[in-house]
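One structure below.
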Protein chains: 4
Amino acid sequence: MIKAGVVGASGYTGVELLRILSGHPGIEVEVATAATYAGTRISELYTSLEGFYDDDFVEYSVDAIASVCEVAFVGLPHGESMGVVDELLDAGLKVVDLSADFRFKSAALYEEIYGFEHKSPLLLDHAVYGLPEAWREEVAGAKLVAVPGCYPTAALLGLMPLARAGLISGMVIIDAKSGVSGAGRKLALASHFPQASDNMAPYGVGSHRHQPEMVERLDMLGLGGELLFVPHLAPMDRGILATMYVTLARQVGQDELHAIYADTYLDETFVKVLPPDSFPETKAVRGSNNCHIAVAAPEGGGPAVVMSVIDNLVKGASGGAVQCMNLMCGLPEATGLIGPGIFP
Amino acid sequence: MIKAGVVGASGYTGVELLRILSGHPGIEVEVATAATYAGTRISELYTSLEGFYDDDFVEYSVDAIASVCEVAFVGLPHGESMGVVDELLDAGLKVVDLSADFRFKSAALYEEIYGFEHKSPLLLDHAVYGLPEAWREEVAGAKLVAVPGCYPTAALLGLMPLARAGLISGMVIIDAKSGVSGAGRKLALASHFPQASDNMAPYGVGSHRHQPEMVERLDMLGLGGELLFVPHLAPMDRGILATMYVTLARQVGQDELHAIYADTYLDETFVKVLPPDSFPETKAVRGSNNCHIAVAAPEGGGPAVVMSVIDNLVKGASGGAVQCMNLMCGLPEATGLIGPGIFP
Amino acid sequence: MIKAGVVGASGYTGVELLRILSGHPGIEVEVATAATYAGTRISELYTSLEGFYDDDFVEYSVDAIASVCEVAFVGLPHGESMGVVDELLDAGLKVVDLSADFRFKSAALYEEIYGFEHKSPLLLDHAVYGLPEAWREEVAGAKLVAVPGCYPTAALLGLMPLARAGLISGMVIIDAKSGVSGAGRKLALASHFPQASDNMAPYGVGSHRHQPEMVERLDMLGLGGELLFVPHLAPMDRGILATMYVTLARQVGQDELHAIYADTYLDETFVKVLPPDSFPETKAVRGSNNCHIAVAAPEGGGPAVVMSVIDNLVKGASGGAVQCMNLMCGLPEATGLIGPGIFP
Amino acid sequence: MIKAGVVGASGYTGVELLRILSGHPGIEVEVATAATYAGTRISELYTSLEGFYDDDFVEYSVDAIASVCEVAFVGLPHGESMGVVDELLDAGLKVVDLSADFRFKSAALYEEIYGFEHKSPLLLDHAVYGLPEAWREEVAGAKLVAVPGCYPTAALLGLMPLARAGLISGMVIIDAKSGVSGAGRKLALASHFPQASDNMAPYGVGSHRHQPEMVERLDMLGLGGELLFVPHLAPMDRGILATMYVTLARQVGQDELHAIYADTYLDETFVKVLPPDSFPETKAVRGSNNCHIAVAAPEGGGPAVVMSVIDNLVKGASGGAVQCMNLMCGLPEATGLIGPGIFP
């Protein structure tokens, strides 16, 4: 068993990592750190872990991790990961980071978007963007992987086949709907039950921090157009549905469109292209590492409609992180991650 | 008090009409019909009406209505309204119909979309589309008003200012999210709680029956482009959020865009244009006849984003119906309808 | 129109007061204060109030209120109401207070339960408990009314008929389920959407602060037994369902039991006793000032089961407050409060 | 791998069995039957199973099952299981039945409660009630196991320690709250989203069919009192919370009460007794086979409060079924079932 540390384990991506790794046959958690909750029993904070993690959260120190672990998952807030990741790499660990700190190629762009000075700009060249469906070999050879944001995961998996085929030309509109857990465990009015329940609202129209992340990655994949990202908060726990409207370079019929997707993802374990005339639903992937994609080519021209769903905490965060770590450790990529969503 | 009949009162638009009219100072319900529930106490079917409507639903007959009522609301399924509306008009009543039967100008188009032969095609010329914000005088002078579909209400209020200004040029994408009550009281798997809860899904991409209704009406308002409508089911009771992406005929800045909307709706009681940089939320209009609209002109070109929210059962159905009936009866348009949404 | 001030108007009971009073024909809000949000437009904080309250929240001062208002509603946190209420009474206003500060007859008991020293113990003799169904004349003659807690409102309306009839003998168990808005607008993990959604949990078993409030009032009404109160958090916005198990002094059949309730509430506008074999549901009273009660006398002895539902923010707080103020001002008790719940 | 058939696989217990068994290392599904959906691809009906079960549902015949399977799970409606179970046993299979057909010892009692004549009364002597925590050896030696109802599972696990200790004396009240999936996939108004969402309601007070099932089993475990069961529908997908009020034979303090539970369940994999002063929540066990129990002994006498949560579709149905089958097949009892709940 490969021994892992989880740094910043008290948030929702942390508890989800603990859940996933509790059933993983090749990686086990030895240390879970949490600044605020050091000294608190893990299963006291998350009753779901009763009987699975009954030790305490500990304070972070590089030695506490490095003395017992070969690999580390870092679930710290944006801006706090940088220094910790640096230390862990220096101590010889492989690291998967769930923050945005190592997602961008350019420190300047990161600083503009997130507002923190980047402390480890040189590392950006070595960090690999953790979307194995697009950059599998790079992930497998990496010491440091940055897990994509939850929205970019749903969007990139949905757009990659068209981008690679050079078929995107003109505006791409991403109308995404996210469950509230995407905003994390941090208390906020937008995540307050009486505010969020029985409610739908857009936010951050054209200004969300995941938009430039998508743009940077889509450019690498061959995007030929512009992108507008409009996120919405939906009254559900988990799940992202990205409905994407793609202006195509040429008329593409329903059959060809579907074939492009089916071919691209033929050998992928986690990305499932639904049959023609199907529509995906977030609940079908809830609690799983699966991504479901459907495509529609409305008659008479108009944009192609690509619909992609993931569980934001699994494929969009902790599940994606484990998938990357499996590759980095030479384990079968899908180890500990295979299974249907929890429906209903 | 003007005496009203409600035909087909056992569905969700029916109970909502009863609720609204229970507090209306100028119109009162004398007869409520329901085929399946004739003989059942109204407040047994809808406990919320306990103490308000403790009489029984009765079977429909034109005489039962016409002998005591001056006006009628018809909440029958599509295809069943036609004959009934005909009879009621012949009996001298003013009628507001909530089905699709009289929404289209062309019987052929109706028949193509809804699959029923139209029994009263001549009436289509006299029927007025019940969106007072667009056709107020026509509604006021009508004997028969067809209440718009819930999605078209949200969409048309959001697009009318741009359409009238001749600013729409090219593709309009309407990504709409609806609460489950929009599908009515009829049992269906898509409305089954374990299916709909904690879930988001698109449906009827490009093929929903409200798309041609929107197109017909937008053409009358000056639309210069094409339209793609993609509805989604959201895990909430009530509410429609239409997020609309509009290709503009020319670059329009945020200030001008906002001014166009503010000017259009300056004197409207129920349509409220939110301040710049605000976003609407469905819960803010829940249980009310209000429509909230916000607009965003993303920097660097790209489509304008228009966001419109209504309560599908109020402004999108029964509230809109009462608003029309007020006009038809010479009452102040907003009678019995003014009030904030139920928040939280 | 009687001019009213709302002190502490930015919480959920505040916005609900503003909503109710926006449609009240006899009382209108002149001033709304909020410490944190002074200077913020009311309808910016609560978009639902757009077009209804577009002025700013102001800072509280007794002069600001007293110079323009005859009556005041105080929606401040427990412990903060006392001083303010004192001042407003001294300035000649009639006051309805929504906190717990004036609910108890004994300052010592209040201090034990809420942990604050009572600053105005002499006022406790003059404060009237604002449950008009039990103490109507006292409310009508009061200068200061303390609105009951939301749980006590549901429980007392459910138990009063049996208590008055001297039929309670032995343990009364109140198993209550509340929507999350009952915990207010203050951010807390228990009210965080990902925590509260799709979840049910008990809390404060036998130790909730509403238990002694219920006990004090039930004793006044003739309770002959002991009481155990177990609250639960339910994944809904609004609504309290109290399921109560009452050990009776003697065998009482279903017919007699129902008759006791029907007789007690025969002339009440807001309390509706459902027919035998019916069960109440919270959604039937959502957004209304109604209370629905059903009773069951299980065969073969055993406790009577009394089920009572209210909307915690209306009958359980702001609606109850307006009902009291109507009485205090000599207006018809139900003014501005009549109407069915918002269903579905 | 032991080959299994799932008879009646298109309902919610069916899809949950398929999900659980998709990750089971010792049992695999060879045949899934469904009367209505024979010929439909399984993953078309349940998109969550895309890539896991892409074969079709088939029609049931004993030969189709018996020719390839050693064991069978029967998920047919009450009254339809009897004949099928008979056939499968005759064909030599071990059977776990999820209906009520074999839960009672007395055919007469079954017939009274469920209204069907029992076709295989002799089998009732051989059927074992599938609650391994109470009857482990019997389950391990059985050819036919009847999985308990979801409510009885939650209630019996909560009451067994007190019943066995002879501490129950007098009334036991079970106030249970269930998610909507407990009512199954069959369309019904009570499960219609606009009806069930944002709503809480009791039903079947004292008359639910699970009450006699609980009584029969608690009598076997030593119950010394009477039982009143009041179920409630809660607006959540999954989960049962049973809050139980138990009149004790003698005063039992918090420490002793907790110790009784901790001792009883010390060696159980799936039943976790929470620390003193904790409360269970349904979401902590969502998607898992775990049962969390907490106990409280309110000061000054009064009933003990026992709170028990399970996922109704897992521990309350399909997970419990697999746990039994593991025992019947000589596999480790917890095979394929260990893991934390999906939180949040």
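Can you give the translational diffusion coefficient of chain A in µm²/s, computed by Stokes-Einstein from the Kirkwood radius over Cα pairs at 37 °C and 0.692 mPa s? List each step's numbers first, then the result.
Details: Rh = 20.3 Å.
Stokes-Einstein gives a translational diffusion coefficient of 162 µm²/s.
Let me check the size of region C:235-344 from its C-alpha atoms; what are the radius of gyration and Dmax in Å?
Looking at region C:235-344, its Cα Rg and Dmax stand at 15.2, 49 Å.
Go ahead and run the numbers for FRET between residue D:116 and residue B:54, Cβ-Cβ distance against an R0 of 45 Å, rounding to 0.05.
Plugging the Cβ-Cβ distance into 1/(1 + (r/R0)^6) gives 0.75.
With +1 on the Cβ of every Lys and Arg and -1 on the Cβ of every Asp and Glu, and nothing else charged, how large is the dipole of chain C about its Cα centre, in debye rounded to the nearest 20? It would help to have the intermediate numbers written out before the result.
Working: 21 positive and 41 negative charges, 112 e Å.
Roughly 540 debye for chain C.
If you put +1 on each Lys and Arg Cβ and -1 on each Asp and Glu Cβ, how big is the dipole of region D:151-311 around its Cα centre, in Debye rounded to 20?
Numbers: 11 positive and 16 negative charges, 115 e Å.
Dipole of region D:151-311, to the nearest 20 debye: 560 debye.
Fewest first, what order do C:193, A:52 take by the number of other Cβ atoms within 10 Å? Working shown, then result.
Working: C:193 28, A:52 22.
Least crowded to most crowded, the residues run A:52, C:193.
Aspartates and glutamates within cross-link reach of residue D:283: Cα-Cα under 16 Å, excluding same-chain residues under 8 positions apart?
Excluding near neighbours in sequence, the set is A:16, A:44, A:50, A:237, B:198, C:198, D:237, D:311.
Based on Cβ point charges of +1 for Lys and Arg and -1 for Asp and Glu, what charge dipole magnitude is obtained for region B:2-126 about its Cα centre, in debye rounded to the nearest 20?
Values: 7 positive and 21 negative charges, 65 e Å.
Here the size comes out at about 320 debye.
What ranking of B:93, B:327, D:331 emerges when the number of other C-beta atoms within 10 Å of each C-beta is taken as an exposure proxy, fewest first?
In increasing order of surrounding Cβ atoms, one gets D:331, B:93, B:327.
Over the whole of D:167-180, what's the average partner chain Cβ count within 10 Å per residue? Rounded to a whole number, please.
Details: counts 0, 0, 0, 1, 8, 0, 8, 0, 10, 2, 9, 1, 8, 7.
Averaged over the peptide's residues, the number is 4.
Mind checking which lysines have their Cα closer than 24 Å to the Cα of residue D:143? Skip sequence neighbours fewer than 8 apart in that chain.
List returned: D:3, D:94, D:105, D:119, D:315.
Testing the spin-label approximation: label points 7 Å from Cα along Cα→Cβ at residue A:189 and residue B:64. State their distance in nm.
5.0 nm
Across 5 Å bins from the origin, how do the percents of Cα pairs in region B:163-227 run, short distances first?
In order of increasing distance, the bins hold 3, 14, 21, 19, 14, 11, 9, 7, 2 percent.
For n ≥ 4 DSSP H runs only, could you compute -39500 (n - 2.57) per run for chain C, divide by its residues and tell me the 222 nm figure to the nearest 500? Please report the intermediate quantities before stating the final value.
Working: 11 runs with 99 residues, N = 344.
Value at 222 nm, helices only, nearest 500: -8000 deg cm²/dmol.
Among C:136, C:19, what is the fewest-to-most ranking by other Cβ atoms within 10 Å? Walk me through the numbers before you get to the answer.
Working: C:136 15, C:19 26.
Ordered by Cβ neighbours within 10 Å, fewest first: C:136, C:19.
Could you compute the longest span of chain C free of GluC sites (Glu not before Pro) located in DSSP loops and having at most 12 other Cβ atoms within 10 Å, not counting the site residues? Walk me through the numbers on the way to the answer.
Details: sites that count: C:59, C:117, C:299.
With GluC sites (Glu not before Pro) excluded where exposed in loops, chain C gives C:118-298 as its longest stretch.
Under Stokes-Einstein, with the Kirkwood radius over Cα pairs standing in for Rh, what whole-number D in µm²/s applies to region C:64-191 at 20 °C and 1.002 mPa s?
For these conditions, the coefficient is 132 µm²/s.
What residues from region B:152-185 fall in the zone where the backbone N is under 17 Å from a label point 7 Å along the Cα-to-C-beta line of residue B:259?
Flagged as within label range: B:161-162, B:165-167.
Who wins for biggest fluctuation among C:309, C:128, C:180 in a Gaussian network model of chain C, springs between alpha carbons below 10 Å?
Looking only at C:309, C:128, C:180, the biggest GNM fluctuation is shown by C:180.
Quick check: net charge around residue B:89, other residues with Cβ under 14 Å of its Cβ, Lys/Arg +1 and Asp/Glu -1?
Numbers: positive: B:94, B:119, B:143; negative: B:70, B:86, B:87, B:90, B:97, B:101, B:125.
Around residue B:89, the surrounding residues sum to -4.
With just the Cα atoms defining each centre, how far is region B:181-254 from region D:221-285? Give it in Å.
About 46 Å separates the Cα centre of region B:181-254 from the one of region D:221-285.
Could you give, in nm with one decimal, how far residue A:105 is from each other copy of that position, shortest first, with labels 7 Å out from Cα toward Cβ?
Counterpart label points of residue A:105 in the remaining copies fall at 5.3, 7.5, 7.9 nm.
Averaged over A:19-32, how many beta carbons belonging to a partner chain fall within 10 Å of each residue's beta carbon?
Numbers: counts 7, 2, 0, 3, 4, 0, 0, 0, 0, 0, 0, 0, 0, 0.
Other-chain Cβ atoms within 10 Å of each residue's Cβ, averaged: 1.
Nearest beta-carbon of D to the rotation axis carrying it onto C: which residue, how many whole Å?
D:175, 2
Which distances, shortest first and in nm, link residue D:39 to the matching position in the other copies, using label points set 7 Å out along Cα to C-beta?
Shortest to longest, the spacings are 3.9, 6.8, 7.2 nm.
At a Förster distance of 60 Å, what's the computed FRET efficiency of residue A:203 paired with residue B:3, Cβ-Cβ distance as r, to 0.05? Mind dumping the intermediate values first?
Values: r = 47 Å, r/R0 = 0.78.
So the FRET efficiency works out to roughly 0.80.
Take the eigenvalues of the Cα gyration tensor for region B:2-126, scale each by 5, and report the square roots as semi-axes in whole Å, largest first. Please report the intermediate quantities before stating the final value.
Working: eigenvalues 138, 47, 31 Å².
Ellipsoid semi-axes (Å, largest first): 26, 15, 12.
Roughly how many nanometres apart are two label points built 7 Å out from the Cα toward the Cβ at residue D:107 and residue C:137?
My value for the distance between the label points is 6.8 nm.
Sorted from largest down, what three extents in whole angstroms do the Cα atoms of the protein assembly as shown have along their principal axes?
Result for the protein assembly as shown: principal-axis Cα extents of 80, 76, 64 Å.
Inverting the mean 1/r over all pairs of different Cα atoms, compute the Kirkwood radius of region B:151-312 and quote it in Å. Spell out each step's value before the answer.
Values: mean 1/r = 0.0624 Å⁻¹.
Hydrodynamic radius (Kirkwood, Cα only) of region B:151-312 equals 16.0 Å.
How about region C:237-330: which trypsin sites (Lys or Arg not before Pro) there are in a DSSP loop, with at most 10 other Cβ atoms within 10 Å of their Cβ?
Details: sites: C:238, C:250, C:272, C:283, C:286, C:315; in loops: C:238, C:250, C:286.
Taking region C:237-330 and a limit of 10 other Cβ atoms within 10 Å, the loop trypsin sites (Lys or Arg not before Pro) found are C:250.
Computed from the coordinates by the stated procedures, all read-outs in this text should not be read as laboratory data. Predicted model only: the values in this text are computed from it and were never measured. Cβ coordinates were reconstructed from backbone atoms using ideal geometry, including for glycine residues, and neighbour counts include every protein chain displayed.
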